[in-house]
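Taking it in order: structure first as structure tokens, then the write-up.
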Amino acid sequence: MRQWLVLGLLAIASGLIHWLCSGGAQTMAATTSATKLDASIRRLRTGDLVIRVVDSQQQPVAGATVTLEQTAHDFDFGTALSTQMFRPNVAAHEQAQYLQIAKQWFNASVHEDALKWYSTEPEQGQVSYADADRILAWSEANGLKMRGHTLFWAVEKWNQPWVRALSPQELRQAVERRTTEICHRYRGKISEYDVLNELLHGDFYQQRLGEGIVDQIFQWCRDADPTARLYVNDYDVLNGKLLDAYVHQIRSLLDRGVPVGGIGVQAHVREPMTAAQIQHCLDTLAQFRLPIKITELGVVAATEAEQARILKDLYTVAFAHPAVTGILMWGFWAGANWEPAAAIFKHNFEPTLAARTYQDLVFNQWWTKVNGKTNSSGVVAAQAFFGRYQVTVRAGNHSTIRTVSLTPQSPMPQVVTITLPF
Ligand code: G3I
């Protein structure tokens with residue numbers, strides 16, 4: 001009976017305390033609850049976190065000060081990382097600023113070019129993963145979860161001359177070797193791959209090896225690393241031009257039993273785009289009940305304000321969509337960007353309005369910071385964004401700090417009990 005009483009009190013406390021002290025949420029509630037997108041974000045991306053403070057006799061400690069500070073998002077807010085910025089010959093001051101932004105503004109990463117076949121094996125037999133490994137090691141050391149781009153590129157011009165010159169048999173052998181080599185090499189380090197990039201825009205491998213090579217490449221990936229999530233990845237999808245074709249292609253692959261585990265939507269935006277368009281695209285692709293990632297976000301617009309508006313719509317609609325598990329920018333700095341106009345930091349590293357918009361969304365509106373005092377049950381509770389937290393509890397001259405993770409898989413409410421030594 002006592003257990004139920006405590007849980008009942010916790011539930012009441014959770015509602016009451018949340019209203020009192022989840023300042024970030026209240027701010028967001030006051031300014032954005034009018035839209036269903038923000039209601040969806042709160043429903044999908046937050047959970048009930050209850051901090052319960054007890055003494056050494058397991059009795060509740062009322063009036064303790066609890067500070068809940070988010071230190072990372074659970075959701076992937078990532079960026080592509082430029083090969084040149086990790087090379088020894090890069091300007092040291094630019095590299096320092098670039099890496100500082102990468103680790104402070106993002107929690108996920110992808111090789112922009114370093115893992116492509118033309119990068120790892122420019123000449124037949126001359127294989128080097130040095131660039132790819134260097135970028136992966138930096139990502140791991142700085143808490144950025146890395147995705148793999150791309151095992152193969154279906155568009156002929158992005159395949160090296162020696163690959164294009166291979167006989168069908170030699171090409172099949174080379175493709176199997178690369179697939180197995182990479183999936184073995186990065187097993188447990190890279191959790192997902194764009195397996196055959198831009199299949200809507202090229203059929204280089206099918207032309208030479210038959211339609212079945214697509215199924216075979218996915219199978220070789222699956223055999224080499226059953227833990228990896230295998231993505232298709234394409235463009236002209238968000239703007240609707242090839243959305244139906246993408247649906248048809250994914251349906252065909254899945255019907256053939258190809259182990260497609262995720263859908264990549266590149267999002268290189270160069271024309272005005274509305275939130276409704278983005279919503280329609282994601283709703284349409286959600287029919288497959290597979291994770292969707294915005295894999296290569298870049299917005300080019302007539303003005304900084306328009307770029308910021310489209311970026312805000314993209315991030316808000318995607319973050320509010322239950323099928324979306326991550327959003328990666330295709331680079332962030334104009335000095336290392338295939339499309340400098342899309343970068344959110346100018347050549348002098350000055351942030352654009354789009355950068356400020358991203359920062360406000362990801363590190364303010366969608367970010368939890370709570371200061372409260374425990375009630376008579378020793379509880380402070382908050383509706384908190386999924387992610388990692390540093391919890392600091394102060395009572396009298398005692399202070400204790402704990403790291404806590406709140407994830408969508410956590411049982412709700414997630415109760416964290418902190419015992420003070422008195
Ligand atoms: O590494 C060589 C360097 O040694 C050489 O000195 C230099 C001069 O030619 O070229 C360097 O290679 C360049 C490579 O990027 C690495 O920086 C290639 O020329 C250049 O064509 C290549 O461009 C990349 C492009 O894909 C083609 O692979 C862009 O950086 C990259 O942002 C872009 O990314 C693609 C995605 O992979 C797929 N979706 C579309 C997206 C934009 O095109």
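Observations on the model:
- Options 314, 328: the member that is open to solvent by less than 50 Å² (accessible area, probe 1.4 Å), part of a strand (DSSP E or B) and not β-branched (Val, Ile, Thr): 328
- Condition met for residue 353 (more than 16 Å from the ligand (Cβ to nearest atom) and surrounded by fewer than 18 Cβ atoms within 10 Å (Cβ to Cβ)): yes
- Residue within segment 252-272 that is at pLDDT 95 or above, among the hydroxyl-bearing types (Ser, Thr, Tyr) and within 22 Å of the chain's Cα centre (by Cα) present: no
- Residues satisfying the stated conditions in segment 91-117, i.e. surrounded by 16 or more Cβ atoms within 10 Å (Cβ to Cβ), more than 12 Å from the ligand (Cβ to nearest atom) and of a type in the set (A, V, I, L, M, F, W, C): 101, 102, 105, 106, 108
- Restricting 126, 173 to residues that are more than 14 Å from the ligand (Cβ to nearest atom), open to solvent by 60 Å² or more (accessible area, probe 1.4 Å) and polar (S, T, N, Q) narrows the list to 173.
- Flag for residue 292 being open to solvent by less than 10 Å² (accessible area, probe 1.4 Å) and within 20 Å of residue 145 (Cβ to Cβ): yes
- If you go through segment 199-223 and keep only what is within 16 Å of residue 155 (Cα to Cα) and open to solvent by less than 10 Å² (accessible area, probe 1.4 Å), you end up with 204, 205, 213, 214, 217.
- Candidates 386, 349, 422: the one that is closer than 16 Å to residue 304 by Cβ and not charged (D, E, K, R) is 349.
- Some residue of segment 224-242 being open to solvent by 40 Å² or more (accessible area, probe 1.4 Å) and in a helix (DSSP H, G or I): no
- If the condition is being under 11 Å from residue 358 (Cα atoms) and in contact with a strand residue (DSSP E or B) (Cβ under 7 Å, 6 or more places away or on another chain), then segment 313-330 contributes 314, 315, 329.
- Residues being without any contact (Cβ under 8 Å) to a residue 60 or more places away in the chain and either open to solvent by 60 Å² or more (accessible area, probe 1.4 Å) or away from the ligand (no atom under 12 Å from the Cβ) (or both) - total across segment 74-89: 3
- Candidates 336, 354: the one that is within 24 Å of residue 99 (Cβ to Cβ), touching a Leu at 6+ places or on another chain (Cβ under 8 Å) and not polar (S, T, N, Q) is 354.
- Checking residue 257 against (1) surrounded by fewer than 19 Cβ atoms within 10 Å (Cβ to Cβ); (2) within 21 Å of residue 317 (Cα to Cα); (3) touching a helix residue (DSSP H, G or I) at 6+ places or on another chain (Cβ under 9 Å), the condition it does not meet: (2)
- Among the residues listed as 359, 390, 409, 365, the single one being under 26 Å from the mean Cα position of the chain (by Cα) and at pLDDT below 95: 409
- Residue under evaluation residue 51, criteria (1) within 14 Å of the ligand (Cβ to nearest atom); (2) farther than 27 Å from residue 357 by Cβ; (3) not acidic (Asp, Glu), criterion not met: (1)
- Within segment 372-386, the set of residues being open to solvent by 10 Å² or more (accessible area, probe 1.4 Å) and in a strand (DSSP E or B) comprises 372, 373, 383.
- Filtered residue count, segment 306-332, keeping only those that are in contact with a helix residue (DSSP H, G or I) (Cβ under 6 Å, 6 or more places away or on another chain) and more than 17 Å from residue 281 (Cα to Cα): 2
- Contact map, segment 95-124: first residue without any contact (Cβ under 8 Å) to a residue 40 or more places away in the chain and of a type in the set (Asp, Glu), second residue crowded, with 23+ Cβ neighbours inside 10 Å and in a loop (DSSP other than H, G, I, E, B), Cβ cut-off under 9 Å, separation 6 or more or different chains; pairs are 113/82; 113/149.
- Wholly enclosed helices (runs of 4 or more DSSP H) of segment 114-215 bearing at least 1 residues among the small types (Gly, Ala, Ser) and at pLDDT 95 or above: 117-120, 130-141, 168-185
- Pairs where the first residue, in segment 184-201, is aromatic (Phe, Trp, Tyr) and the second is assigned to a strand (DSSP E or B) and surrounded by 19 or more Cβ atoms within 10 Å (Cβ to Cβ), C-beta under 7 Å, 6+ apart: 186/148; 193/148; 193/230; 193/231
The values are calculated or read from the model by the stated rules, or taken from the named source; none is laboratory data. Predicted, not measured: the structure shown is a model, and the values here were computed from it. Cβ coordinates were reconstructed from backbone atoms using ideal geometry, including for glycine residues, and neighbour counts include every protein chain displayed. Surface areas here come from the heavy atoms of the whole protein model, side chains and all, with no ligands, DNA or RNA. Shrake-Rupley method; radii C 1.70, N 1.55, O 1.52, S 1.80 Å.
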